[in-house]
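Report on the following structure.
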Amino acid sequence: MKKAKIIIVLIALFAVAGGMLAFKARFTTDQVFVTTTIVTVERNGIVYYVTGNLCTSTNRWVHTQLGVFTTVWHLLTVPYTTLTLTQIGGPLTMTLPFYPCVTTFTRTTTII
């Protein structure tokens, strides 16, 4: 009886581990981006902005199995440039790193 309990526990553990691996394989944390001419950032209650040929995030994510194939923007983490942002309605500025975006052909979904 003791062996049977151990075997049942092992089967349950393998089933949970397999389910977690299958779920992880289907979803990614790569967000889909779109092009924009202005990005706003809030820091310590102050809103800053920068203009230019930029990318901003959306509520869509790269998916490996679901969704329709489409050309979307994908963020590259290197190399990056720094841009100076200006406070809306004021003289304060701040500098943040900005990363380039490239197009990719992939499936996307709103589920993460």
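The values are calculated or read from the model by the stated rules, or taken from the named source; none is laboratory data. For clarity, every value in this text was computed on a predicted model and none was experimentally measured. Neighbour counts are summed over all protein chains in view; Cβ atoms, including those assigned to glycine, are modelled from backbone coordinates with ideal geometry. SASA here: full protein model, heavy atoms, side chains in, ligands and nucleic acids out. Shrake-Rupley method; radii C 1.70, N 1.55, O 1.52, S 1.80 Å.
List, in order, the whole-Hz ³J(HN,Hα) value for each residue of the range 89-96 obtained from phi through the Karplus relation with A = 6.51, B = -1.76, C = 1.60 and θ = phi - 60°; use x for Gly and Pro.
So the Karplus estimates, Gly and Pro as x, are x, x, x, 6, 10, 8, 10, 10 Hz.
Tell me, in nm to one decimal, what length is gained between Thr51 and Tyr99 on full extension, where the rule is 0.36 nm per residue of separation less the Cα-Cα distance?
15.9 nm
Tell me the label-point distance for the pair Val34, Leu66, using the 7 Å Cα-to-Cβ offset, in nm and rounded to one decimal.
Modelled inter-label distance: 2.1 nm.
Residue by residue, what Karplus-based ³J(HN,Hα) values in Hz, rounded to whole numbers, does the range 66-82 have, using 6.51, -1.76 and 1.60 with θ = phi - 60° and x for Gly and Pro?
Taking θ as phi minus 60°, the curve returns 9, x, 8, 5, 7, 8, 10, 8, 10, 7, 9, 8, 9, x, 10, 10, 9 Hz for the range 66-82.
With a 1.4 Å probe and every protein chain left in place, tell me how much accessible area Val102 has, in Å² to the nearest 10.
Around 60 Å² of this residue is reachable by solvent.
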